[in-house]
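One structure below.
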Amino acid sequence: MDERMTDAVLATEELTVRFGGHVAVDRVTCRFRAGELTAIVGPNGAGKTTYFNLISGQIPATGGRVLLGGRDVTRLSVAARTRLGVGRAFQLTNLFPDLSVLENVRLVIQSRRGRDFDMWSMAAAHADLAEAAEAVLERVRMTDLAGRKVAALSHGDQRKLEVAMLIALDPKVYMFDEPTAGMSVDEAPVVLELIAALKAQTDRTILLVEHKMDVIARLADRIIVLHNGALAADGPPREVIASDVVQEAYMGKALEDV
Ligand SMILES: Nc1ncnc2c1ncn2[C@@H]1O[C@H](COP(=O)(O)OP(=O)(O)OP(=O)(O)O)[C@@H](O)[C@H]1O
């Protein structure tokens with residue numbers, strides 16, 4: 001195996017999944033370094049979400065490997081990969097709709113710390129967790145909504161909460177799937193600033209599936225292009241956007257929109 005593969009924070013090696021006769025992700029070999037934000041682009045149905053699902057463990061690969069810090073995690077569950085530092089933005093289905101915003105964030109911090117509480121330290125630990133959760137909400141500017149039930153949040157605020165919970169989890173690898181989708185023009189910049197701030201923490205690796213070119217241009221250090229499940233281009237944004245393969249086949253329209 002290529003030695004650099006094992007050095008990467010995250011790597012996929014010939015990663016493949018077939019659904020019946022359809023190869024949705026086709027032998028994708030790619031490595032992701034600390035401090036780097038990679039945007040994953042490609043037309044609808046190119047395999048971006050499926051590639052994410054394979055990395056986070058939502059679906060099993062039919063071929064190839066996923067390596068985390070050089071360790072083969074291909075057969076591990078979502079929960080096991082989460083413990084090892086893969087953090088995918090929480091989706092609505094992962095939230096507790098009847099609990100408050102603060103309680104949802106607090107539960108993530110509690111699970112991350114994985115403490116065994118004894119009776120004597122419980123009260124102190126509880127206060128500490130609430131404080132940590134409040135700090136996260138402050139970062140995403142959701143303090144006003146701390147007591148609100150998740151079920152009563154607007155769509156944009158639910159998306160912000162997903163980002164807040166990922167920050168609370170503090171993984172090595174952050175995976176965002178269109179983080180600003182469905183957000184208003186006021187809400188989106190807050191989330192983009194947060195992602196930019198995460199990137200500034202140079203030991204974090206960030207993967208972003210994104211269609212909006214302005215978001216990609218602002219945040220990405222690197223773009224990879226998937227087409228028919230295969231890796232079609234990989235490099236710095238300017239180069240990839242200017243490449244013939246992207247200009248002709250994938251991004252003509254999106255580029256005109258910028
Ligand atoms: N569980 C599944 N069973 C069968 N086919 C699937 C399954 N999941 C995805 N596919 C197919 O795999 C291909 C890749 O889909 P995927 O959702 O990963 O694309 P995408 O690049 O994320 O697209 P979009 O930009 O529209 O979200 C599509 O043809 C899709 O229909």
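The values are calculated or read from the model by the stated rules, or taken from the named source; none is laboratory data. What you see is a predicted model, and the numbers here were worked out from it, not measured in a lab. Positions of Cβ are generated from backbone atoms using ideal geometry, with glycine treated the same way; all protein chains shown enter the neighbour counts.
Annotations
- Evaluation of residue 72 against (1) at pLDDT 95 or above; (2) over 17 Å from the mean Cα position of the chain (by Cα); (3) surrounded by 15 or more Cβ atoms within 10 Å (Cβ to Cβ) (one fails), failing number: (3)
- Restricting the search to strands (runs of 3 or more DSSP E) fully inside segment 21-69 and requiring at least 1 residues that are at pLDDT 95 or above and within 14 Å of the ligand (Cβ to nearest atom) gives 22-32, 37-41.
- For residue 177, the stated conditions do not hold, so it cannot be described as charged (D, E, K, R) and out of contact with any Phe, Trp or Tyr (no Cβ under 9 Å at 6 or more places or on another chain).
- In this structure, residue 17 does satisfy being more than 19 Å from the chain's Cα centre (by Cα), among the β-branched types (Val, Ile, Thr) and crowded, with 21+ Cβ neighbours inside 10 Å.
- So residue 39, is it assigned by TED's automatic domain parsing to the domain that holds residue 204, under 30 Å from residue 143 (Cα atoms) and surrounded by fewer than 16 Cβ atoms within 10 Å (Cβ to Cβ): no
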